[in-house]
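Take a look at the structure set out below.
Only the coordinates and a few stated rules stand behind these numbers; no lab work does. Please read all numbers here as calculations on a predicted model, not as lab measurements. Glycine also receives a Cβ, built like all others from the backbone with ideal geometry; neighbour counts cover every protein chain displayed.
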Amino acid sequence: MYAETRQTLLFLGSAYALAWATTSMGAGPGSAAVVTLSGKLSFAGLYVAIFNVGAAAGAALGGRAMDRYGRKPPLVASYLLAAAGYLVAGIGVQTGTLLTFVVGGFMLAAAFGTTNLTRLAVAEMFAVAERGRGVAWVQIAAIFGAVAGPVLLILSGPLGRILGRDPLGLIWFFAPPLLLAAAFLVARAEEPRLIAQRMSSSAGTSPGGPAPIDPLRSARLVATGTVSLAASQTSMAAVMGIGGAAVAHAGHGVPVLGSVMLMHFVGMFALSRVVGRIADRVGRAQTILVGLALLASGGAVIALIPGIAAFGIGLLLVGFGWSFGFIGSTVLLTDAAPPERRAQTLGRADLTAQLSAAIVATGGGWWFASRGAAGLGILAIAVAATPVILVMRAGRNAPAA
């Protein structure tokens, strides 16, 4: 691997870790903030809905921009937008203005929708047979941020007491410096698409991979990857979307909330290296099926076993399931899409996934208010089961690594 490639991977991975630190830090407090600012428990899923709608828009627009201008410029712009979004959201919390908080939340979410396409930029820098490893490499980098975020959330408790401020209102101002640092790191990286083209030329293949598969087969695989990605994201949103409100409603404070969210984010990223190897060696579709089974298992634990401990274990399993489904679907889409439309294709898949998750998260707030967490576990099972037959059929037609 060239020194420039290693350096670019380091810069992109470090920036992505910082993005996930801010995202994981705000996930639980965002749900709690909406309930506090609105005064309605039924709005518990609104923050995740806002986040997913914003991320959907950012993924679609960012994908088009990446195919047109390259991978790096849209990523730099997205980190700058995220920094501004967290600042606006924090002002909304401090002033008690729900509309300001929603605007800031939409800004930071749209930015994350584009930064989440970092996985495509990295996957293209690896050989086709190692694309699972490439996506896993990004996810491994993200785990550092995903773990750091809840730790910062826990530390906001004593800091809030020292400053005489609400800890759930302080965390929004922790994010902008981290995101500005991320923008600086990406700006120093080499353009990933140039690295991919150079690698393809030295290997004697077309840029982006081997000979393209026929259009009809490609369309079917893209549809399968899109549906499985949407099912993974939506099943997770069904239970994670009300996590902050559920913990607060049960009478627990910031330490318990931070610990529960930490378990979930560890589940999302801890097995990334293993998942990447499975996707490369066993198959993309088989990886997705394992993920759907784990998502359903996590939903079953939440539905059948009461208590905050079971809720945390269920979120851990859901995180594992999301990891398998997310990596498997991403690599399948990267394999099936034409190189010149690859970012746009993945952006549209993210658009579908985020909008589906937004709908479920919004309805999940009302469902939680009337049915409790058990109903959300059942919903997660139903969503995870939706694409099973489609993925099994696609497993026979997926391109070989």
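Some observations on this one:
- Ranked by how many other beta carbons lie within 10 Å on average, peptides 111-120, 380-389 from highest: 111-120, 380-389
- Hull-based mean projected area of region 18-168, where the convex hull spans the alpha carbons, in square nanometres: 9.4
- Each peptide in 345-358, 179-192 receives the mean, over its residues, of other Cβ atoms within 10 Å, and ordering these scores from highest gives 345-358, 179-192.
- With the simple spin-label model, which puts each label point 7 Å out from Cα in the Cβ direction, the residue 359 to residue 191 separation comes to 3.8 nm.
- Anisotropy class of region 3-394 from Cα gyration tensor, a/c 1.5 cut: oblate
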